[in-house]
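Each reported figure results from applying straightforward, stated rules to the coordinates on display, with no laboratory input. Owing to the predicted nature of the structure, the values given are computational and were not obtained by experimental measurement. Neighbour counts run over all protein chains shown; Cβ positions are idealised from the backbone, glycine included.
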Amino acid sequence: EPEDLLQLRPPIITIMGHVDHGKTSLLDYIRKTKITAGEAGGITQHVAAYKVEHEGKPITFIDTPGHAIFSDMRARGADITDIVVLVVAANDGIMPQTLEAIEHAKKAKKTIIVAINKIDLPTANSMRVKTQLAEKGLQTVDFGGDVEFVEISALTGAGIPDLLELLALQAEVLELKANPKGNARAAIIEARVQPGRGATASVIVETGTLKVGTPFICGPFAGKVKSLINDRGEQIKEAKPGTPVEVIGFDEMPNVGDELVEMDNVRAAQKLADERQLDLRNSRLKMTQKSRMEDLFSNVIEGTGKAVLKLVLKCDVQGSVEAIKKAIGDIQSDKVTAQVIIGGAGPITEGDVQMASSADAVVLGFNTKVEANAVKAVKSEGVQVKLYSIVYELIDQVREAMLGMLE
Ligand code: GTP
Ligand code: MG
Ligand code: NA
């Protein structure tokens, strides 16, 4: 990019850490919101991005889930961020997803700032956290290392102004710039279907300015921005670099991790989409040819008496579909295997139910609804539909069902 077109943009800060160490509570305190109170099971189950003003300057925060199964969401969060804030609860110390977050941050080569949280608790032990992290290669500046640590309480607000000050300072050092004039590019951090809005995506604008009316390509799909909604639910006309925004106007559900790229006009976007879809079909064809071999294997498995639990899985967001499919695939059993025959974001449709009926599958819904037509189909086809709002309850019940098939 030509130097004179570059302008300062807000830093993108991703909050990572083990489940329940206080990531969402920290953002709630900063934003004066109560997201944590409304979360099913008290856990975060998707990625969300927020804009905050600190002393007149904007900062963009990404909240990630700490539960073990959302590893891919954490990795993506680390990828698009400038700085990672690693939240570690002072009473708990480092835990498996603390270590995983460090790995993601290191792999993405991002600066880590450690926030030791819950220092209001009598059982808080900041020194232990510092020692534990030093053993993992994150040495505090107090010990002569190069990692900044801040002690905070998301409950009382202690230390949070210091954390924000430090983030603003680090951002200044990084001199984060982007060209707001060029063609817009934005990273898709989450995608979902919303009633009345169709497929929508949470994006963070990387360069250029995303405007209502902008034609774009996103992976193999074309689209045109119909409306933009900020993190407070307000309609906005444009979003500049570093800004998180919800985009409405996708023809199809975009893939998380893909990039939305502005095109000159709708026709050019459609042409490129057609080309990419053709490529995709060709590579799928190659994959099917390859998977004939795997079919043989699965027959062998069934021949040895391994039963198959077939599942139709519909979720609120694309990121959850991926995370749950992976977790189901990880369930170990010698005698039963679970197979997700349909997995997608959106409500449970009549088609899903019919597919489940003909394949003898169970329908699982995670944070989603059953469409009215599908309700009728469920009754007439006698298909089993189960709805969940907490991810580990779904996984546990799939595991139980697999074991139950042996009885
Ligand atoms: P996941 O998104 O599920 O990984 O959790 P999280 O890291 O976002 O943690 P969350 O904000 O949901 O907080 C978990 C629990 O810890 C809640 O009951 C909070 O009220 C509590 N909590 C968070 N921060 C503090 C703190 O500084 N002090 C105390 N005492 N409790 C806290
Ligand atoms: Mg959370
Ligand atoms: Na939580």
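Using a simple charge model, +1 on the beta-carbon of Lys and Arg, -1 on the beta-carbon of Asp and Glu, nothing else, what dipole does the stretch 4-87 show about its Cα centre, in debye to the nearest 20? The partial results should precede the final answer.
Values: 9 positive and 10 negative charges, 32 e Å.
Charge dipole, the stretch 4-87, about its Cα centre: 160 debye, nearest 20.
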Measure nothing but the geometry: give the 0 to 90° angle between the long axis through the Cα atoms of 350-359 and the longest principal axis through the Cα atoms of the chain, rounded to 10°. 60
About the Cα centre, and with charges only on the beta carbon of Lys, Arg (+1) and Asp, Glu (-1), how big is the dipole of the stretch 165-223? Nearest 20 debye, please. 400
Please work out the FRET efficiency for the pair LEU121 and ASP162, using the Cβ-Cβ distance as r and a Förster radius of 22 Å; give the result to the nearest 0.05. 0.75
Would you mind checking LYS110/LYS130; LYS237/LYS271; LYS51/LYS237 for any pair whose Cα atoms are more than 23 angstrom apart? LYS237/LYS271
Hey, rough spin-label estimate for GLU275 and ARG232, points 7 angstrom out along Cα→Cβ, what's it come to in nanometres? 4.2
How about LYS379: which lysines have a C-alpha closer than 16 Å to its C-alpha, ignoring those fewer than 8 places off in the same chain? LYS369
If you find the alpha carbon centre of the stretch 342-376 and of the stretch 215-242, how far apart are they in angstrom? 29
Dipole in debye (nearest 20) - the chain, about Cα centre, beta carbon charges: Lys, Arg +1; Asp, Glu -1: 840
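What's the long-distance tail for the stretch 27-119, i.e. % of Cα pairs beyond 17 Å? Could the numbers behind the result be given before it?
Numbers: 2298 of 4278 pairs.
Taking all Cα-Cα pairs of the stretch 27-119, the fraction more than 17 Å apart is 54 percent.
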Anchor LYS57: aspartates and glutamates whose Cα lies under 19 Å away (excluding residues fewer than 8 positions away in-chain): ASP28, ASP82, ASP162, GLU165, GLU172, GLU175, GLU206, ASP231, GLU238
The correct pair for the chain, radius of gyration to one decimal and Dmax as a whole number, both in Å and from Cα atoms, is 23.0, 71
